[in-house]
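**Student:** Structure in structure tokens, see below.
The values are calculated or read from the model by the stated rules, or taken from the named source; none is laboratory data. The structure presented is a predicted model; accordingly, all values stated were derived computationally and were not measured. Cβ: placed from backbone, ideal geometry, glycine included. Neighbour counts: every protein chain shown.
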Amino acid sequence: MPTIAPLLRVALTAAALLFTAHPACAQGAENQGAPMPPAPEDVPTLVVFFTIDQLRMDYFERFDAQLNGGLARLYRGGAVFTNAHHDHANTETAPGHAATMSGRFPASTGIVSNSAGVGDPQAPLIGARGPGASPFRFRGTTLTDWLRIKNPASRALSVSRKDRGAILPIGRQPQDVYWYASNGTFTTSTWYRDTLPTWVQRFNARKVPQTYAGREWTLLLDGAAYPEVDSLEEGSAQGNVRFPHVLSASPDTAAGLLPNFPWMDEVTLAFGLTGLTELQLGTGPQTDVLAISLSATDAVGHAFGPHSRELHDQILRLDRMMGTFLDSLFKLRDSTRVVIALTSDHGVAPYPKVREALGEGAPVYIDAAQPARAFTEGLVSAGVPEGAVVIEDGVLLVDRPALARARVNADSVITAFVTMARTIPGVARVDRVADLARADTATDFVARRWLHMLPPEMPAEVVVTQAEYAVPRTSTYAMHGSPYDYDSHVPVIFYGLPFRAGKYDAFARVVDMAPTLAWVTATAPLERLDGQVLRAALR
């Protein structure tokens with residue numbers, strides 16, 4: 001008797017063929033009138049998906065005149081959606097990466113925060129120390145799943161400095177997924193394999209990160225090319241605001257600190273290109289995926305802020321590094337059969353005092369930790385079971401059955417929390433989740449983004465939204481995580497023959513990228529998506 005798996009594969013393959021023949025039916029009425037998917041001979045054999053951690057869209061505009069590498073190539077020769085956003089409230093790394101190739105919001109993927117992202121003690125690392133990691137919390141499918149159903153020969157390689165940056169774009173598939181460990185090697189977890197493949201072992205044996213020991217990070221261009229002030233003490237968490245920044249002379253220490261320097265991106269790109277060659281990605285006839293998440297911009301942005309010389313120089317260096325990568329890629333693969341997508345997982349707010357010094361407004365601070373702690377401690381002392389009421393990432397989670405067993409009125413607890421939260425300085429609004437669904441989400445973007453954030457089964461009762469640009473008074477680094485545009489506005493860029501180059505100012509979302517890539521690869525998504533095809537960019 002046949003097993004379930006082959007029968008399921010046949011059924012899903014039939015669905016994929018149906019999508020290719022009748023794409024409008026598969027994606028919904030919003031795509032009626034869109035161009036037909038490409039003919040089989042025109043389907044790309046390689047999708048390269050870049051996620052640049054903490055890359056704000058305005059960096060392209062600010063630094064455009066000084067870009068001459070890979071970022072310039074994509075920005076000037078690609079289809080660029082200039083008004084693109086992450087349309088969810090908690091703009092952190094894990095939710096952002098989970099949205100990229102799934103086409104779905106956190107409410108659908110289940111990845112609602114970094115703390116509830118990929119950490120998994122049951123999936124220890126291979127050949128390195130550190131917390132285990134896997135996609136066990138991720139729900140649903142991604143572009144790589146859809147491609148494999150269409151053609152089981154399709155492969156994917158995902159690389160990043162961060163575990164969540166490598167894992168979440170791919171979803172639950174046990175593909176080639178690697179990230180950087182504190183000992184200076186690229187690793188994976190037992191979710192994916194039992195041992196590192198030979199090509200990864202060879203790359204690690206070269207000890208490339210250790211070769212950066214003692215290197216000085218100096219300005220790439222003449223100092224006059226940087227309008228930012230290099231002496232504003234409020235512009236760095238460490239108070240170290242002047243170039244050069246020197247990496248430790250100890251090779252092992254340098255390998256551990258490398259993620260804080262621009263060269264981390266260089267090493268990640270080199271590892272990705274090595275993997276593409278070793279795994280023969282993009283050699284066809286199937287479509288393969290190379291996902292690369294680059295994290296140095298996030299490290300530099302947190303430490304020095306978006307208005308710093310360090311951030312400015314990091315973007316220029318990233319541009320040159322990506323230029324070298326794309327030149328090498330197109331020597332290895334036919335550029336007419338490659339499509340490239342680029343986005344970011346979130347933006348960032350400036351340091352409060354830097355923003356004040358630039359005349360953009362007085363610092364706004366939110367002091368929520370102590371009131372929240374006092375509230376939960378008061379509940380415990382009043383007999384509320386510990387853990388039945390939790391405040392996490394601005395969300396009040398209430399275990400109503402646990403409160404009922406303890407004979408505590410849940411609605412009274414929720415009302416008390418709302419009253420308390422509205423008194424906290426730096427809080428802009430406090431909403432009951434039940435009220436969000438009645439909001440005009442076309443105009444109330446905060447309500448819309450919270451609704452896109454919360455899975456239906458999550459016991460969320462109240463959400464708290466900070467004021468714009470508010471940060472905890474004790475914060476020592478630039479922050480992100482709000483539903484405001486400075487955290488949500490990111491680039492969405494497509495590059496390659498299927499796309500019409502140009503700037504598109506219509507509102508777009510990161511969740512629109514996966515269905516658009518599915519369209520150009522003539523691939524059927526396996527579930528209902530939150531995003532839609534960005535047909536304006538298609539040839």
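**Student:** Just to be sure before I move on: is residue 492 closer than 26 Å to residue 285 by Cβ, crowded, with 24+ Cβ neighbours inside 10 Å and at pLDDT 95 or above in the structure I sent? Walk me through it before giving the result.
**Tutor:** Numbers: closer than 26 Å to residue 285 by Cβ: no; crowded, with 24+ Cβ neighbours inside 10 Å: yes; at pLDDT 95 or above: yes.
Taking the combined requirement at face value, the residue does not satisfy it.
**Student:** To continue, here is another question. Can you name every residue in the range 361-401 that is over 22 Å from residue 426 (Cα atoms), touching a residue at least 40 places away in the same chain (Cβ under 8 Å) and of a type outside the set (Lys, Arg)?
**Tutor:** 398, 399
**Student:** Then there's this: Quick check on the range 216-224. Is at least one of its residues part of a loop (DSSP other than H, G, I, E, B) and buried (at least 16 other Cβ atoms within 10 Å of the Cβ)? I'd like the intermediate steps shown before the answer.
**Tutor:** Looking only at the range 216-224, we keep the residues that are part of a loop (DSSP other than H, G, I, E, B), and these are 218-222.
Still in the running and buried (at least 16 other Cβ atoms within 10 Å of the Cβ): 219-220.
The answer is yes, given that some residue of the range 216-224 is part of a loop (DSSP other than H, G, I, E, B) and buried (at least 16 other Cβ atoms within 10 Å of the Cβ).
**Student:** Among (1) surrounded by 13 or more Cβ atoms within 10 Å (Cβ to Cβ); (2) farther than 27 Å from residue 114 by Cα, where does residue 392 come up short?
**Tutor:** (2)
**Student:** Test residue 116 against the criterion of being part of a loop (DSSP other than H, G, I, E, B), farther than 26 Å from residue 498 by Cα, of a type outside the set (Ser, Thr, Tyr) and without any contact (Cβ under 8 Å) to a residue 24 or more places away in the chain, and give yes or no. So that I can check it myself, show each step before the final result.
**Tutor:** Values: part of a loop (DSSP other than H, G, I, E, B): yes; farther than 26 Å from residue 498 by Cα: yes; of a type outside the set (Ser, Thr, Tyr): yes; without any contact (Cβ under 8 Å) to a residue 24 or more places away in the chain: yes.
Taking the combined requirement at face value, the residue satisfies it.
**Student:** May I pose another question? For residue 248, work out the one condition from (1) in contact with a Leu (Cβ under 8 Å, 6 or more places away or on another chain); (2) touching a residue at least 40 places away in the same chain (Cβ under 8 Å); (3) small (Gly, Ala, Ser) it doesn't fulfil.
**Tutor:** It fails just one condition, (2).
**Student:** Provide a single number: the residues in the range 440-468 that are under 20 Å from residue 85 (Cα atoms) and free of Cβ contacts under 8 Å to residues at least 12 places away in the same chain.
**Tutor:** 5
**Student:** Just to be sure I understand, how many residues within the range 495-537 are surrounded by 21 or more Cβ atoms within 10 Å (Cβ to Cβ), hydroxyl-bearing (Ser, Thr, Tyr) and closer than 22 Å to residue 76 by Cα?
**Tutor:** 2
**Student:** Still on this structure: Exactly one condition in (1) in a loop (DSSP other than H, G, I, E, B); (2) surrounded by fewer than 23 Cβ atoms within 10 Å (Cβ to Cβ) is false for residue 111; which is it?
**Tutor:** (2)
**Student:** Considering only residues that are among the hydrophobic types (A, V, I, L, M, F, W, C) and closer than 22 Å to residue 303 by Cβ, look in the range 432-488 and name the one that is surrounded by the most Cβ atoms within 10 Å (Cβ to Cβ).
**Tutor:** The first filter runs over the range 432-488 and keeps only residues among the hydrophobic types (A, V, I, L, M, F, W, C), leaving 433-434, 436-437, 439, 442, 445-447, 450-451, 453-454, 458, 460, 462-464, 467, 470-471, 478-479.
Then keep just the ones that are closer than 22 Å to residue 303 by Cβ; that gives 470-471, 478-479.
Working: 470: 24, 471: 24, 478: 27, 479: 19.
The residue in question is 478.
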